[in-house]
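Worksheet: one structure, shown below.
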Amino acid sequence: MQTLAVDIAFTFVDDATALVTGLGRALLRFAVTPIDRIANACDIAGVLAERRATFRMWRANRARARHESRRFGLLGRFSPFRHLAHLT
């Protein structure tokens with residue numbers, strides 16, 4: 001019986017943190033939207049679009065590496081050269 005009460009409490013706390021996190025992200029997006037519009041209007045050289053494309057490519061490569069189940073060992077996770085693996 002005690003574990004059920006603990007599970008309910010943990011579920012409530014997890015749901016509450018998810019709700020607060022979601023509301024915080026929504027408020028942040030609402031506050032940043034005008035700033036993004038001004039930045040896009042002032043971006044003559046296309047630097048912001050290039051950064052967004054680079055980030056999307058990085059995220060896709062990361063997702064593909066996860067999909068391929070390429071796992072690093074314990075030593076590989078703490079290696080200072082782990083982010084240079086794409087150069088080999």
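Considering (1) of a type outside the set (Phe, Trp, Tyr); (2) part of a helix (DSSP H, G or I); (3) modelled with pLDDT under 90, the lone condition that VAL20 does not fulfil carries the number (3). Annotation for region 35-50: at least one member residue is outside any helix (DSSP H, G or I), at pLDDT 65 or above and of a type in the set (Asp, Glu).
If you go through region 17-48 and keep only what is among the small types (Gly, Ala, Ser) and open to solvent by 70 Å² or more (accessible area, probe 1.4 Å), you end up with ALA41, ALA45. Within region 57-72, residues that are at pLDDT 60 or above have Cβ atoms under 9 Å from residues that are outside any loop (DSSP other than H, G, I, E, B) and open to solvent by 70 Å² or more (accessible area, probe 1.4 Å) in these pairs: ASN61/HIS86, counting only partners at least 6 apart in sequence or on another chain.
The values are calculated or read from the model by the stated rules, or taken from the named source; none is laboratory data. Predicted, not measured: the structure shown is a model, and the values here were computed from it. Cβ sites come from the backbone with ideal geometry, for glycine too, and all protein chains shown count toward neighbours. Please note that ligands, DNA and RNA were not included when accessible areas were found on the heavy atoms of the full protein model with its side chains. Shrake-Rupley method; radii C 1.70, N 1.55, O 1.52, S 1.80 Å.
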